[in-house]
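One structure is given here, and the rest of the page talks about it.
The values are calculated or read from the model by the stated rules, or taken from the named source; none is laboratory data. The structure presented is a predicted model; accordingly, all values stated were derived computationally and were not measured. Using ideal geometry, Cβ is built from the backbone for each residue, glycine included, and neighbour counts are taken over all protein chains shown. Side chains included, ligands, DNA and RNA excluded: accessible areas come from the protein's heavy atoms. Shrake-Rupley method; radii C 1.70, N 1.55, O 1.52, S 1.80 Å.
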Amino acid sequence: MDQIRNHIRDYISDFFGFMKKATTSVQTVDTIRERLEAEGFIGLEMNGPWTLDPSGKYYLTPYPSMLVGFSIASGRSPAKGVKIIAAHTDNPGFRIKPEPEVNSEGMLTLNVERYGGPILNTWFDRPLSIAGRIAVKSDKVLKPQVIHLDLQRPVLIIPNLAIHMNREVNKGVEIKVQKDMQPLLTRLIEDEVRDNYLLDLIAQEAGVDREDILDMDLSVYCSEEGMLLGSKEEFISCPRIDDLSMVYAAMQALTESQHKEGINMVAFMDNEEIGSATRQGADSVMLSNIVQKILMEVAGGEQQSIHQKMSFFVISADGAHALHPNYSEKSDITNKPVMNKGMAIKVSCNRSYASEVETIAAFQQLCDKAGVKYQKFVNHSDQPGGTTLGPLLSKYMPVHVVDAGVPMLAMHSARELMGKQDFLDSIRIFRTFFQLEE
């Protein structure tokens, strides 16, 4: 029993360490790449020649915020079947605009724009930081040097307006991103330079001259760390659970699984929160092209690889809505996933989720084999829901897809909440999936 508890603590502690570094989609991919390399995965270039070995482990990052990792069977039939777990690397928040500094009586705030659909009021009064990438002058005109950076310390905050000056705040007040969500960076003293303060800070952090910085793609993120809470420490509270909890679970399953047939793959895509219609998003041909190239190398022959796709099985792993104890009327009247009662299979007749009767049944059998519980999520009939990677992946590849994820509360908040057991079960399910032999 003590050994099991220690194993659980190791997973939770490691997850919190992962989340501390996985602050934006770019930093998330960098963190995954480091971990895969430590596990013996070899990096590939999309436009270069590949030589794939049986029992080989590989990854590629066609774009800075997208990563595909895969392992080839160590024994018989390395080309027999492909199992994929897909998740997304981005999360709702704020991007810093060009020329962002706003000076009000020496109080320096930053001009930001909303990315995706964050719950705005949850971002007030929290320690925030900055991460992303910058482009720096180089000798090649069309290939500037790109530097990834993360301040990894709280440098921003969005202060609430005191209730004495906003008496209606507890009755519900509209929040305007342009006015209300500008994070405070610093208080300038009299002799400080009042222009390009942020640029100077970033240049110092990156170790480059300010004049050499051509452009910046920087995000604001919540720098609070994850924690266990609840009277029995049965819940996990952490920023970016949607969808990095599923990214972590899939990554762990890939690195921990041994298999004798087929190919195991994780596909971590960007821009799901804004529709996925980017080259690094699910609504593009990139993943299909990668899969095609892998099959051509392993199986040989274009016709054979096309036929193989029909037998693919994909788990589109994204957070599901759990029943909220204060708003139970928002849940479906008969399908109410509860935290710590199992992963949720996501079902929608309008195809916002890709789950079908065959794939739903298959996932249920997978959970049974893994020895864990499962639930089903369907939107309240009068409450429209979101969509996932699943329908987009099946748009480009004729594959079997099921949409599933951990039930969670406060989705798109600066801090989100999930059940500890559900999270641990997701790793177990994904590991069982990758170790299946048909």
(message) Are there strands (runs of 3 or more DSSP E) fully within segment 197-266 with at least 2 residues that are over 19 Å from residue 97 (Cα atoms)? List them.
(response) 227-229, 235-238
(message) Please count how many residues of segment 335-370 are outside any helix (DSSP H, G or I) and under 16 Å from residue 423 (Cβ atoms).
(response) 8
(request) Could you grab me the full set of residues in segment 341-356 that are more than 16 Å from residue 411 (Cα to Cα) and either surrounded by 15 or more Cβ atoms within 10 Å (Cβ to Cβ) or modelled with pLDDT of 95 or more (or both)? (result) 341, 342, 345, 347, 348, 352, 353, 354, 355, 356
(request) Considering (1) exposed (fewer than 12 other Cβ atoms within 10 Å of the Cβ); (2) modelled with pLDDT under 95, say which one residue 38 fails and leave the rest. (result) (2)
(message) Here's a check for you: in segment 73-90, which residue that is open to solvent by less than 10 Å² (accessible area, probe 1.4 Å) and over 15 Å from residue 32 (Cα atoms) is modelled with the highest pLDDT?
(response) 84
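Check whether at least one residue in segment 430-438 is aliphatic (A, V, I, L, M), open to solvent by less than 30 Å² (accessible area, probe 1.4 Å) and not in a strand (DSSP E or B), and report yes or no. Quick ask: steps written out before the conclusion?
Our first condition is that a residue be aliphatic (A, V, I, L, M); within segment 430-438, this holds for 436.
From the residues that got through so far, the ones that are open to solvent by less than 30 Å² (accessible area, probe 1.4 Å) too are none.
No, segment 430-438 has no match at all.
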(message) Can you report the number of residues in segment 52-72 which are over 14 Å from residue 259 (Cα atoms) and either among the β-branched types (Val, Ile, Thr) or modelled with pLDDT under 95 (or both)?
(response) 4
(message) Consider segment 211-221. How many of its residues are charged (D, E, K, R) and surrounded by 13 or more Cβ atoms within 10 Å (Cβ to Cβ)?
(response) 2
(request) Examine segment 374-386 for a residue that is outside any loop (DSSP other than H, G, I, E, B), surrounded by fewer than 20 Cβ atoms within 10 Å (Cβ to Cβ), touching a residue at least 60 places away in the same chain (Cβ under 8 Å) and on the phi < 0 side of the Ramachandran plot, and state whether such a residue exists. (result) no
(request) Could you identify the single residue in 207, 230, 262 that is of a type in the set (Gly, Ala, Ser) and at pLDDT below 95? (result) 262
(request) List every residue pair whose Cβ atoms sit under 9 Å apart, with the two residues 6 or more apart in sequence or on different chains, where the first one lies in segment 91-112 and is free of Cβ contacts under 8 Å to residues at least 60 places away in the same chain and the second, anywhere, is in a strand (DSSP E or B). (result) 97/110; 97/111; 97/112; 97/113; 99/111
(message) For the list (1) over 30 Å from residue 410 (Cα atoms); (2) crowded, with 17+ Cβ neighbours inside 10 Å, I need the number of the one condition that residue 235 fails.
(response) (1)
(message) Given the condition outside any loop (DSSP other than H, G, I, E, B), open to solvent by 40 Å² or more (accessible area, probe 1.4 Å) and on the phi > 0 side of the Ramachandran plot, answer yes or no: does some residue in segment 146-163 qualify?
(response) no
